[in-house]
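**Student:** Here it is: the structure, laid out below.
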Amino acid sequence: MVHPKVAVIGGSGVYKQAFIENEREIKVETRFGASVLKQGLYRGRTVFFMARHGGGHTVPPHLVNYRANIAALKKLEVDAVIATAAVGSLRRDMGPGSRVIIDQFIDFTKQRPLTFYEGKEGFVVHTDFSEPYCPNTRAAILRAGRALGQHMVDGGCYICTEGPRFETPAEINMFMNWGVDVVGMTNVPEVVLAREAGLCYGTIALPTNFAAGVSAKPLNQDEVLEAMDTDKLELEKLLAASIAEIKTDASCRCRDAGNNYPKE
Ligand code: HPA
């Protein structure tokens with residue numbers, strides 16, 4: 001059996017995965033700049049690990065080079081991406097420790113390059129987002145997490161804010177009225193670019209705090225990183241098990257979405 005090539009994009013607090021063997025750093029040059037990531041093996045499969053904010057958490061959400069990152073994974077012939085995203089929760093029943101396998105997003109970003117297609121192709125590309133996250137990747141993560149007995153939530157709406165500031169209670173109140181479950185700063189444009197490139201892509205949203213106004217306390221970044229640190233070993237188990245659950249599925253519709261993606 002040919003194993004799919006899986007990449008993990010680790011968000012805040014996720015910088016290294018101990019289950020990856022024979023790990024080495026690689027640098028991939030793309031037309032958007034270089035992307036540095038790790039390549040290794042897990043149970044005989046090639047796996048990649050990319051720290052979205054850099055190894056030392058130095059790149060803020062609005063300055064991540066999302067296009068270079070996804071273009072690099074495409075160049076490496078990755079089939080499926082599992083992303084982690086620290087989020088604030090708008091829902092009392094989705095607190096820290098939950099894994100929300102989001103199935104919808106709302107784009108509330110303001111100034112990020114959002115697409116690979118900027119008109120240079122000689123044609124306009126509008127990509128379908130009726131099903132924003134890969135159903136096969138989501139199902140694999142849910143199976144893996146349930147088998148481990150983790151608190152898995154099947155579906156949720158993520159709103160991506162521009163950051164790097166946290167939200168105001170008025171914004172969170174409005175987002176609640178829009179049906180949002182969790183708020184973060186990085187899933188857009190990552191999910192968009194992954195689909196444009198024809199990659200299967202799923203996100204594990206990890207509530208680290210209740211959003212502004214939901215919690216009476218002021219928010220701070222240390223709280224986010226501490227919550228991620230507490231959860232580190234359980235999350236690592238979930239990531240490893242999810243990779244093992246992902247099957248090659250050449251019929252996945254995510255692949256067709258990449259038909260216009262230019263060859264590097
Ligand atoms: N808002 C936005 N992003 C976040 C939050 C939040 O409350 N917590 C962790 N990432």
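**Student:** Is the shape of region 17-58 rounded, prolate or oblate, going by the alpha carbon gyration tensor and its root eigenvalues a ≥ b ≥ c, with a/c under 1.5 for rounded and a/b larger than b/c for prolate?
**Tutor:** Oblate shape, in that a/c is at least 1.5 and b/c is the bigger or equal ratio.
**Student:** Mind listing which GluC sites (Glu not before Pro) in region 1-93 are in a DSSP loop and have 13 or fewer other Cβ atoms within 10 Å?
**Tutor:** E77
**Student:** What does the charge dipole of region 6-255 about its Cα centre add up to, to the nearest 20 debye, if the Cβ of each Lys and Arg holds +1 and the Cβ of each Asp and Glu holds -1?
**Tutor:** Here the size comes out at about 460 debye.
**Student:** Quick check: the distance between the Cα centres of region 223-264 and region 82-156, to the nearest angstrom?
**Tutor:** Taking the Cα centre of region 82-156 as reference, the centre of region 223-264 is 10 Å away.
**Student:** Quick one: which of K5/K110; K110/K247; K5/K232; K217/K237; K110/K232; K27/K263 span more than 27 angstrom between C-alpha atoms?
**Tutor:** Where the Cα-Cα span goes over 27 Å, the pairs concerned are K5/K110; K110/K247; K217/K237; K110/K232.
**Student:** Which one, N220, G163, V64, projects farthest toward the positive side of the charge dipole computed for region 6-255 from Cβ point charges (K/R +1, D/E -1)?
**Tutor:** The residue sitting farthest along the positive end of the dipole is V64.
**Student:** Another question, if that's okay. Taking amide H atoms as placed 1.01 Å from N in the peptide plane, list the residues 5 or more away in sequence, or in a different chain, whose amide H sits under 5 Å from that of S12.
**Tutor:** Sorted by chain and number, the residues that satisfy this are A86.
**Student:** Just to verify a number: FRET efficiency for M174 and K16, C-beta to C-beta distance, R0 = 25 Å, to 0.05?
**Tutor:** After rounding to 0.05, the efficiency reads 0.10.
**Student:** Hey, got the dipole for region 36-78? About the Cα centre, +1 on K and R Cβ, -1 on D and E Cβ, debye to the nearest 20?
**Tutor:** Values: 7 positive and 1 negative charges, 24 e Å.
Dipole size: approximately 120 debye.
**Student:** Filter the DSSP H helices in the chain by two things, a Kyte-Doolittle mean of at least -0.5 and an axial alpha-carbon span of 15 angstrom or more, and list the hits by number.
**Tutor:** 135-147, 232-245
**Student:** How large is the helix-only mean residue ellipticity at 222 nm for the chain, computed as the sum of -39500 (n - 2.57) over DSSP H runs with n ≥ 4, divided by its residue count, in deg cm²/dmol to the nearest 500?
**Tutor:** Rounded to the nearest 500, it is -8000 deg cm²/dmol.
**Student:** Also, quick follow-up: Kindly write out, for region 97-107 in residue order, the coupling ³J(HN,Hα) from the Karplus curve 6.51 cos²θ - 1.76 cosθ + 1.60 (θ = phi - 60°), rounded to whole Hz, with x marking Gly and Pro.
**Tutor:** Result, ordered by residue: x, 6, 10, 8, 8, 4, 10, 9, 9, 10, 9 Hz.
**Student:** Over the chain, what is the relative contact order in whole percent, taking alpha-carbon pairs under 8 Å and six or more residues apart?
**Tutor:** Result for the chain is 27 percent.
**Student:** Here's a follow-up. Please report the antiparallel percentage of the DSSP beta bridges confined to the chain, to the nearest 5.
**Tutor:** Counting DSSP beta bridges with both partners in the chain, the antiparallel share is about 35 percent.
**Student:** Taking other Cβ within 10 Å of each residue's Cβ, how do C157, C134, C254 sort, fewest first?
**Tutor:** Ranking C157, C134, C254 by Cβ neighbours within 10 Å, fewest first, gives C157, C254, C134.
**Student:** Sticking with this one: Provide the gained length on full extension for the span L233 to R24, in nm with one decimal, where the gain is 0.36 nm per separating residue minus the Cα-Cα distance.
**Tutor:** Computed gain between L233 and R24 is 73.1 nm.
The numbers here are math on the coordinates, done by the rules we state, and not lab data. Given the structure is predicted, the values throughout are model-derived calculations rather than measurements. Glycine gets a Cβ as well: all are built from the backbone with ideal geometry, and neighbour counts include every protein chain shown.
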